[in-house]
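**Student:** One structure follows; several queries about it will come next.
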Amino acid sequence: MSAAAPYRKSGFFNNKIITQDFVDWTFERDGSAYVVKPHIAERVEFHTANVLSPDLQKLVGAQDIIFAQNFLFHLKPALARSALENISRLTHPGSVLFIDGVDLNLRRRAVQKKAYAPLDYEIERIHNEARRARAVGWPYEYWGLEPFLTTRRDWKARYATIFIAN
Ligand SMILES: C[S@@+](CC[C@H](N)C(=O)[O-])C[C@H]1O[C@@H](n2cnc3c(N)ncnc32)[C@H](O)[C@@H]1O
């Protein structure tokens with residue numbers, strides 16, 4: 001994204017999780033389009049890349065905040081593991097990763113392998129917001145998401161979406 005070509009979204013927001021305050025803070029109206037405000041756009045670069053590319057680290061470099069959401073579960077498990085390995089090369093100690101839309105066992109093993117620390121901040125609310133779209137798919141669809149169950153011994157590591165890299 002650059003000031004010369006600001007991100008535009010036509011139409012209106014009908015997602016109840018996206019608050020009017022957030023929309024007002026983030027976008028200016030231009031007719032029927034929403035344009036990202038300059039104070040945000042000037043701090044953002046926009047690239048497209050394949051998460052599986054061996055050049056990803058060279059292209060993107062180390063990042064403080066990484067969102068990897070709602071695409072890993074579309075990949076075959078071996079590819080999703082490679083993607084997470086590749087994403088881990090974009091971290092430095094203290095990087096924050098938001099990883100969601102992924103098989104929970106696969107995420108659990110991947111973050112354990114890297115010794116990322118799961119964050120329990122708003123853990124249940126974040127998990128349940130993801131379930132608004134995905135509960136209906138559980139347990140039969142690959143994109144379905146199980147209920148938040150604190151009866152599991154490993155519930156914090158299993159249901160955390162936010163992780164701190166070391
Ligand atoms: C369901 S959308 C999710 C978009 C956004 N992350 C979100 O949570 O709303 C899945 C996105 O993953 C992208 N995607 C699929 N395979 C990818 C890959 N190998 N590398 C990078 N992006 C990929 C698709 O292009 C698509 O934009």
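The values are calculated or read from the model by the stated rules, or taken from the named source; none is laboratory data. Because the structure is a prediction, the values reported are computed rather than measured. Here Cβ is always computed from backbone atoms with ideal geometry, including for glycine, and neighbour counts include all displayed protein chains. Keep in mind that these areas ignore ligands, DNA and RNA; they rest on the heavy atoms of the full protein, side chains included. Shrake-Rupley method; radii C 1.70, N 1.55, O 1.52, S 1.80 Å.
**Student:** Search the stretch 69-91 for residues that are touching a residue at least 12 places away in the same chain (Cβ under 8 Å) and pair each with any residue that is of a type in the set (S, T, N, Q) and more than 11 Å from the ligand (Cβ to nearest atom) when their beta-carbon atoms are under 7 Å apart and the residues are at least 6 apart or on different chains.
**Tutor:** ARG89/GLN57; LEU90/GLN57; LEU90/GLN63
**Student:** For residues that are within 10 Å of the chain's Cα centre (by Cα) and open to solvent by less than 50 Å² (accessible area, probe 1.4 Å), scanning just the stretch 55-71, find the one that is nearest to VAL102 (Cα to Cα).
**Tutor:** Checking each candidate, the answer is ALA68.
**Student:** Sticking with this structure for a sec: Which of the strands (runs of 3 or more DSSP E) contained wholly in the stretch 1-54 include at least 2 residues that are open to solvent by less than 100 Å² (accessible area, probe 1.4 Å), modelled with pLDDT of 85 or more and aliphatic (A, V, I, L, M)?
**Tutor:** Numbers: elements: 8-10, 27-30, 33-36.
Per the criteria, 33-36.
**Student:** Now a separate question. Starting from residues that are touching a helix residue (DSSP H, G or I) at 6+ places or on another chain (Cβ under 6 Å) and among the aliphatic types (A, V, I, L, M), keep the ones in the stretch 84-95 and report whichever is surrounded by the fewest Cβ atoms within 10 Å (Cβ to Cβ). Outline the logic, then answer.
**Tutor:** Going through the stretch 84-95, the residues touching a helix residue (DSSP H, G or I) at 6+ places or on another chain (Cβ under 6 Å) turn out to be 84, 86, 89-90.
Then drop every residue that is not among the aliphatic types (A, V, I, L, M), which leaves 84, 90.
On the way: LEU84: 23, LEU90: 19.
Across the stretch 84-95, the extreme among qualifying residues is LEU90.
**Student:** Determine, yes or no, whether HIS74 is within 16 Å of the ligand (Cβ to nearest atom), open to solvent by 100 Å² or more (accessible area, probe 1.4 Å) and modelled with pLDDT of 95 or more. Write out each step before concluding.
**Tutor:** Details: within 16 Å of the ligand (Cβ to nearest atom): yes; open to solvent by 100 Å² or more (accessible area, probe 1.4 Å): yes; modelled with pLDDT of 95 or more: yes.
Here the answer is yes, as HIS74 does meet what is asked.
**Student:** I'm trying to understand the selection: among the residues of the stretch 41-61, which are of a type outside the set (Gly, Ala, Ser), closer than 25 Å to THR26 by Cβ and either in the same structural domain as ALA83 (by TED's automatic domain parsing) or away from the ligand (no atom under 12 Å from the Cβ) (or both)?
**Tutor:** Within the stretch 41-61, GLU42, ARG43, VAL44, GLU45, PHE46, VAL60 qualify.
**Student:** Need at least 3 residues that are closer than 26 Å to THR48 by Cα and among the hydroxyl-bearing types (Ser, Thr, Tyr) per element, so show me which helices (runs of 4 or more DSSP H) inside the stretch 59-166 make the cut, counting only ones lying wholly within it.
**Tutor:** Numbers: elements: 77-88, 104-113, 123-134, 155-159.
The helices (runs of 4 or more DSSP H) meeting that bar number zero.
**Student:** Consider the stretch 96-139. How many of its residues are open to solvent by less than 60 Å² (accessible area, probe 1.4 Å), more than 15 Å from ALA160 (Cβ to Cβ) and small (Gly, Ala, Ser)?
**Tutor:** The qualifying residues number 2.
**Student:** Is it the case that ARG125 is in contact with a Phe, Trp or Tyr (Cβ under 9 Å, 6 or more places away or on another chain), among the charged types (D, E, K, R) and without any contact (Cβ under 8 Å) to a residue 24 or more places away in the chain? Spell out how you get there, then give the answer.
**Tutor:** Values: in contact with a Phe, Trp or Tyr (Cβ under 9 Å, 6 or more places away or on another chain): no; among the charged types (D, E, K, R): yes; without any contact (Cβ under 8 Å) to a residue 24 or more places away in the chain: yes.
Answer is no for this residue.
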